[in-house]
């Protein structure tokens, strides 16, 4: 599969970002909010197949020793082709000096375990909609 990896937010279809996140069952917002989140991130990665964006991810970081990965997603019809690994490895390549945290969608933990992530014993969260996140299996 001939893909292109881009690290900038130029020419991104933010409606498609919201649609892909919705299609894969992840948290999604208004396109303008995704635009703001990605543009304010330390690292962004977008995967294109021809002119079609088919996956993406981002990380926030202090650029010194801490980072967090968010919004790693691949369009459903392109999953199981190793594209998630490409996105993740490209993000990590820009964060080599950092400890990296993330939270995975329930059921996707094995993907991250295969990429050398380990479960944390002390992870804590305060969500704006705690009940919804509990229903989805993110918290007790």
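Every read-out reported here was derived from the displayed coordinates using simple, explicitly stated rules and does not represent laboratory data. What you see is a predicted model; the values in this text were computed from it and never measured. All Cβ positions, even for glycine, are placed from backbone atoms using ideal geometry, and neighbour counts span all protein chains on display.
Can you sort 53, 133 by how many other beta carbons sit within 10 Å, fewest first?
Placing the least packed residue first, the sequence is 133, 53.
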Fewest-first sequence of 140, 62 by Cβ atoms within 10 Å of each Cβ: 140, 62
Extended-chain gain in nm, criterion 0.36 nm per residue less alpha-carbon gap, residue 105 and residue 89: 3.9 nm
For residue 7 and residue 96, extending 7 Å from Cα along the Cα-Cβ vector and measuring point to point gives, in nm, a value of 1.2
Would the stretch 18-140 count as rounded, prolate or oblate if I go by the C-alpha gyration tensor, calling it rounded below 1.5 in a/c and otherwise prolate when a/b exceeds b/c, oblate otherwise? rounded
Given points 7 Å out from each Cα along the Cα-Cβ axis, report the residue 120 to residue 140 separation in nanometres with one decimal. 1.6
Taking R0 as 25 Å and r as the Cβ-Cβ distance between residue 35 and residue 65, the FRET efficiency 1/(1 + (r/R0)^6), rounded to the nearest 0.05, comes to 0.35
Please arrange 69, 100 by how many other C-beta atoms lie within 10 Å of their C-beta, fewest to most. 100, 69
Here the percent of antiparallel bridges among DSSP beta bridges lying wholly in the stretch 15-140, to the nearest 5, is 75
